[in-house]
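Everything on this sheet refers to the single structure shown next.
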Amino acid sequence: METNEAVKILENGGIGVLPTDTLYGLVGRASSREAVERIYRVRKRSPDKPQIVLISSVNDLKLFGIDPKSKEAALAGNYWPGKVSVILPCDNPELEYLHRGTKSIAFRVPDMPELVELLKKTGPLVAPSANHEGELPSLTIDEAKKYFGNDVDFYRDDGLIESEPSTILKIEGNKTIIVREGAVKVNLF
């Protein structure tokens, strides 16, 4: 699948599976409520759990009403690009379909130049791992196809991906909390 084809599909509200710097992700545009809801259905994800949003740079936080110069965003930027997702406050009621009532969203700038270029063309993408909730993440496209079959609009194969999911941190004011240990071991002391 060529990048331009994937961009067109995503711009038209489609969803697909592609490699990230951690695992294969099931992706759709964060600005498309329909694509986000479709990912919840296809992935069989609990509707009250927010999904990680991939962004091309800290400046993309503006799209979510988050000041990229805020101290929380500055702390998050210390981990980007990289395999660390950071939960930031986002109480915009228009984005409830993303934050699912939690008034926060996990963001990540991937350490994968090709994916960042795609994000610059499509805008931010929701990108949970390519599996049904509670199941093992797909390490290959064949595994992703077993989960999703024809329920997604495209697959982009990058061979075997052996990584842990991203580490998830939550930043509240000056305090940083490890929510999930993953690909990056973070020492907060």
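Every number here is computed from the coordinates shown, using simple stated rules; none is lab data. Bear in mind the structure is a predicted one, so any value in this text is a computation, not a measurement. For neighbour counting, all protein chains shown are included, and Cβ atoms are generated from backbone atoms with ideal geometry for every residue, glycine included.
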Which value, in debye to the nearest 20, describes the size of the charge dipole of region 78-189 about its Cα centre when Lys and Arg Cβ atoms bear +1, Asp and Glu Cβ atoms bear -1, and nothing else is charged? 460 debye
Two-site label geometry, HIS132 and SER46: point separation in nm, points 7 Å out along Cα→Cβ: 1.7 nm
From the residues VAL116, SER85, SER129, which one has its Cα farthest along the dipole of the chain in the positive direction, the dipole being from +1 and -1 charges on Cβ of Lys/Arg and Asp/Glu about the Cα centre? SER85
extent check for the chain: Cα max minus min per principal axis, descending, whole Å, gives 44, 34, 30
Residue-averaged [θ]222 nm for the chain, counting only DSSP H segments that reach four residues, each worth -39500 (n - 2.57): -7000 deg cm²/dmol
Could you work out the relative contact order of the chain, using alpha carbon pairs under 8 angstrom and six or more residues apart, expressed as a whole percent? 31 percent
With +1 on each Lys and Arg Cβ and -1 on each Asp and Glu Cβ, and nothing else charged, work out how big the dipole of region 3-180 is about its Cα centre, in Debye to the nearest 20. 460 debye
Using every alpha carbon pair in region 19-94, what percent of pairs falls into each 10 Å bin from 0 up to the bin containing the largest distance? 16, 47, 34, 3
Taking every DSSP beta bridge with both residues inside the chain, roughly what % is antiparallel (nearest 5)? 70 percent
Estimated distance in nm for a label pair at SER57 and ASP111, the labels positioned 7 Å out from Cα along Cα-to-Cβ: 2.0 nm
Within region 3-180, how many Lys pairs that are eight or more residues apart, or on different chains, come under 16 Å at the alpha-carbon? 13
